[in-house]
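Enquirer: I'd like to ask some things about the structure below.
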């Protein structure tokens, strides 16, 4: 029989080893494992990460993982969440449990320091979207080159007008890119000033016509988000801009846990 | 690295792929034509002919897409290609 792996959900301060009234991935029972004044929420699994070709199965597992981490966050208040599918393997004659204990012993000071740092803090997601058509009409009002280009197009034969139209599109794209860049820098700066820590994430595709121009994860004290809220409200009031503000989440993006 | 060709029929999917590639070539032709026009060495007549030829190409592409019902498939392939290129550039800029 192959030695088992340990799937780990998160680590928190604590000293009780006990089964939890929750089911983990694939219905396996969870329990807390303790060492050095820390607890890890774990379940047994095969000595490899969970894998499935079926997107739905994968998505469901991810949901279960997030649910358990959320519940742990409520229960233990401050946790270091592990990313989905982190499995401690048995190695070199050591069981997974022994390896986890060894890791906790080695890292306990650092883990405790991190837990202290994360106390009362949560992760918040901020996304700023814009409608390029709205932004463009404002740009156009003040852009002589665009107005000139539009005028030129109107008075030319069809083939010439077509190419001038393409040229105009290119010009407009450049103006929008410059505007997006400038807005990103401004918003980022304003948001940065109200939060403890910030990570830039990739922007995602939105349903047209909207485009995402800023996507960040922020770490901030749960009791001190008024300043951030005020900044985001102001941004949302600018014509053509929308803000998506999500959270509080467990601070996934702000831990580099998992050895 | 998955290009999603969103439909049931292989022939349909293949046509979508082919048209997507034709559109990319068409876009390149547009860029080149603009460069020539901006280069200042073409007469207005030549520019007009260039523009009209590209307009014709646009019409043909749109007609085929509509008649064969592959507009969605083409969009899907192009989005997939965009993501692919985006990903590659991302890796080159920052290997981590």
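Enquirer: Out of all the residues in region A:24-43, which are assigned to a strand (DSSP E or B) and without any contact (Cβ under 8 Å) to a residue 24 or more places away in the chain?
Expert: A:29, A:31, A:32, A:34, listed by residue number.
Enquirer: Here is a further query. May I ask you to say which residue of A:192, A:175 is surrounded by 12 or more Cβ atoms within 10 Å (Cβ to Cβ) and either within 14 Å of chain B (Cβ to nearest Cβ) or closer than 22 Å to residue B:30 by Cβ (or both)?
Expert: Numbers: A:192 fails: either within 14 Å of chain B (Cβ to nearest Cβ) or closer than 22 Å to residue B:30 by Cβ (or both).
Result: A:175 is the single residue among A:192, A:175 that is surrounded by 12 or more Cβ atoms within 10 Å (Cβ to Cβ) and either within 14 Å of chain B (Cβ to nearest Cβ) or closer than 22 Å to residue B:30 by Cβ (or both).
Enquirer: Cβ-Cβ below 7 Å, separation at least six or inter-chain, first residue in region A:61-78 and over 24 Å from residue A:116 (Cβ atoms), second surrounded by 14 or more Cβ atoms within 10 Å (Cβ to Cβ): which pairs?
Expert: Taking only residues 6 or more apart or on different chains, the pairs are A:61/A:25; A:61/A:50; A:62/A:84; A:64/A:24; A:64/A:25; A:65/A:9; A:65/A:25; A:65/A:84.
Enquirer: Further, regarding this structure: Just checking, which of B:42, B:34, B:54, B:29 is part of a loop (DSSP other than H, G, I, E, B), within 14 Å of another protein chain (Cβ to nearest Cβ) and touching a helix residue (DSSP H, G or I) at 6+ places or on another chain (Cβ under 7 Å)? I'd like the intermediate steps shown before the answer.
Expert: On the way: B:34 fails: part of a loop (DSSP other than H, G, I, E, B); B:54 fails: part of a loop (DSSP other than H, G, I, E, B); B:29 fails: part of a loop (DSSP other than H, G, I, E, B).
Only one candidate passes the filter, namely B:42.
Enquirer: Being within 22 Å of residue B:32 (Cβ to Cβ) and within 11 Å of chain A (Cβ to nearest Cβ) is the filter here; which residues of region B:60-86 pass it? Quick ask: steps written out before the conclusion?
Expert: Quick first cut of region B:60-86, residues within 22 Å of residue B:32 (Cβ to Cβ) only: B:60-62, B:74, B:78, B:81-82, B:85.
Across region B:60-86, the qualifying residue is only B:82.
Enquirer: Another one. Say we look at region A:139-166 and pick out the residues that are in contact (Cβ under 8 Å) with a residue 24 or more places away in the chain and either assigned to a helix (DSSP H, G or I) or over 25 Å from residue A:183 (Cβ atoms) (or both); which of these is farthest from the other protein chains (Cβ to nearest Cβ)?
Expert: Keep residues of region A:139-166 that are in contact (Cβ under 8 Å) with a residue 24 or more places away in the chain, which gives A:139, A:143, A:145-146.
Next, from what is left, pick out any that are either assigned to a helix (DSSP H, G or I) or over 25 Å from residue A:183 (Cβ atoms) (or both): A:139, A:145-146.
Working: A:139: 21, A:145: 14, A:146: 16 Å.
Here the answer is A:139.
Enquirer: Could you give every pair whose Cβ atoms fall below 7 Å, whose first residue belongs to region A:227-249 and is without any contact (Cβ under 8 Å) to a residue 60 or more places away in the chain and not assigned by TED's automatic domain parsing to the domain that holds residue A:70, and whose second residue is assigned to a strand (DSSP E or B) and surrounded by fewer than 18 Cβ atoms within 10 Å (Cβ to Cβ), counting only separations of at least 6 or pairs across chains?
Expert: Partner pairs satisfying both residue conditions: A:236/A:242.
Enquirer: Kindly check whether there is at least one residue in region A:96-114 that is farther than 25 Å from residue A:4 by Cβ and touching a residue at least 60 places away in the same chain (Cβ under 8 Å). Steps first, answer last, please.
Expert: We begin by selecting, within region A:96-114, every residue farther than 25 Å from residue A:4 by Cβ; these are A:109-110, A:112-114.
From the residues that got through so far, the ones that are touching a residue at least 60 places away in the same chain (Cβ under 8 Å) too are A:112, A:114.
Checking region A:96-114: at least one residue is farther than 25 Å from residue A:4 by Cβ and touching a residue at least 60 places away in the same chain (Cβ under 8 Å).
Enquirer: Is there a residue in region A:24-37 that is within 23 Å of the chain's Cα centre (by Cα) and within 24 Å of residue A:249 (Cβ to Cβ)? Reasoning before the result, please.
Expert: Here is the first cut: in region A:24-37, the ones within 23 Å of the chain's Cα centre (by Cα) are A:24-25.
Now narrow it down to the ones that are within 24 Å of residue A:249 (Cβ to Cβ): A:24-25.
Looking through region A:24-37, at least one residue is within 23 Å of the chain's Cα centre (by Cα) and within 24 Å of residue A:249 (Cβ to Cβ).
Enquirer: Pick from region A:71-91 the residues that are buried (at least 19 other Cβ atoms within 10 Å of the Cβ) and assigned to a helix (DSSP H, G or I): which of them is nearest to the chain's Cα centre (by Cα)?
Expert: A:73
Enquirer: When residues of region A:200-211 are filtered for being part of a strand (DSSP E or B) and surrounded by 14 or more Cβ atoms within 10 Å (Cβ to Cβ), how many remain?
Expert: Here the count works out to 1.
Enquirer: Looking only at region A:167-202, which residues are under 28 Å from residue B:33 (Cα atoms) and touching a residue at least 24 places away in the same chain (Cβ under 8 Å)? So that I can check it myself, show each step before the final result.
Expert: Here is the first cut: in region A:167-202, the ones under 28 Å from residue B:33 (Cα atoms) are A:167-180.
Within region A:167-202, A:171, A:172, A:175, A:176, A:179, A:180 meet the criteria.
Enquirer: Looking at A:64, A:8, A:68, which one is part of a strand (DSSP E or B) and either buried (at least 17 other Cβ atoms within 10 Å of the Cβ) or within 28 Å of the chain's Cα centre (by Cα) (or both)? Outline the logic, then answer.
Expert: Details: A:64 fails: part of a strand (DSSP E or B); A:68 fails: part of a strand (DSSP E or B).
Result of the check over A:64, A:8, A:68: A:8.
Enquirer: Surrounded by 11 or more Cβ atoms within 10 Å (Cβ to Cβ), out of contact with any helix residue (DSSP H, G or I) (no Cβ under 8 Å at 6 or more places or on another chain) and outside any helix (DSSP H, G or I): is that true of residue A:126 in this structure? Reasoning before the result, please.
Expert: Numbers: surrounded by 11 or more Cβ atoms within 10 Å (Cβ to Cβ): yes; out of contact with any helix residue (DSSP H, G or I) (no Cβ under 8 Å at 6 or more places or on another chain): no; outside any helix (DSSP H, G or I): yes.
Here the answer is no, as residue A:126 does not meet what is asked.
The values are calculated or read from the model by the stated rules, or taken from the named source; none is laboratory data. As the structure is a computational prediction, the values presented were derived from the model and not from experiment. Methodologically, a virtual Cβ is constructed for each residue, glycine included, from the backbone with ideal geometry; neighbour enumeration extends over all protein chains shown.
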